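To start, the structure itself, in structure tokens.
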Amino acid sequence: MECEKYILLFGKYKGNQLKDVPLTYLQWLAKSKDESKQWVLKNHPDAISNAKKYIGNRRICRRCGKDLVAIGHERSNGADHDDWKRREYHKKCWLEMKGKRKRKDSDFSD
């Protein structure tokens, strides 16, 4: 995949290939619509298109930055869930944001 070798020419990760940049940053680059991205869009549109290609169909939690994994039938009692295509958070991350769960440091460690 050629897009993973693309080198960023700006920002905190200047000089790094996309494959070496944190997924949360690439997700912001590919999906964000805030004002800070307008400069990137104007001056480095190829960075955005390559980030989108590199991320592809990967599903990443918007809170912790880790991959979202479809459980489905991987478990003995697993089932397909209607919300999978629009899901943006792990259940524990979503509950934490809603104030229904306290964060533990171990939740965000690798």
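Only the coordinates and a few stated rules stand behind these numbers; no lab work does. Since this is a predicted model, take the numbers as computed values, not measurements. Here the Cβ positions follow ideal geometry from the backbone for every residue, glycine too, while neighbour counts run over all protein chains shown.
Let me check I've understood the local charge: for Leu41, count other residues with C-beta under 14 angstrom from its C-beta, Lys and Arg +1, Asp and Glu -1. What total comes out?
On the way: positive: Lys31, Lys33, Lys37, Lys42, Lys52; negative: Asp34, Glu35, Asp46.
Charge balance in the 14 Å sphere: +2.
Computed from backbone phi with θ = phi - 60° and the Karplus coefficients 6.51, -1.76 and 1.60, the 3J(HN,Hα) list for segment 42-54 is 6, 9, 9, x, 5, 5, 5, 5, 5, 4, 4, 5, 5 Hz; x is used for glycine and proline. Once backbone amide H atoms are built at 1.01 Å from N, Ile60 has Leu68 as its partners under 5 Å, excluding neighbours fewer than 5 places away on the same chain. Working note: Karplus 6.51/-1.76/1.60 with θ = phi - 60° gives segment 13-26 the couplings 9, 4, x, 9, 6, 4, 5, 9, 9, x, 4, 5, 5, 5 Hz, where Gly and Pro are set to x.
Please list the three semi-axes, largest first and in whole Å, of the ellipsoid equivalent to segment 1-70, using sqrt of 5 times the eigenvalues of its alpha carbon gyration tensor. Show your work: numbers first, answer last.
Details: eigenvalues 71, 42, 23 Å².
For segment 1-70, the ellipsoid semi-axes come out as 19, 14, 11 Å.
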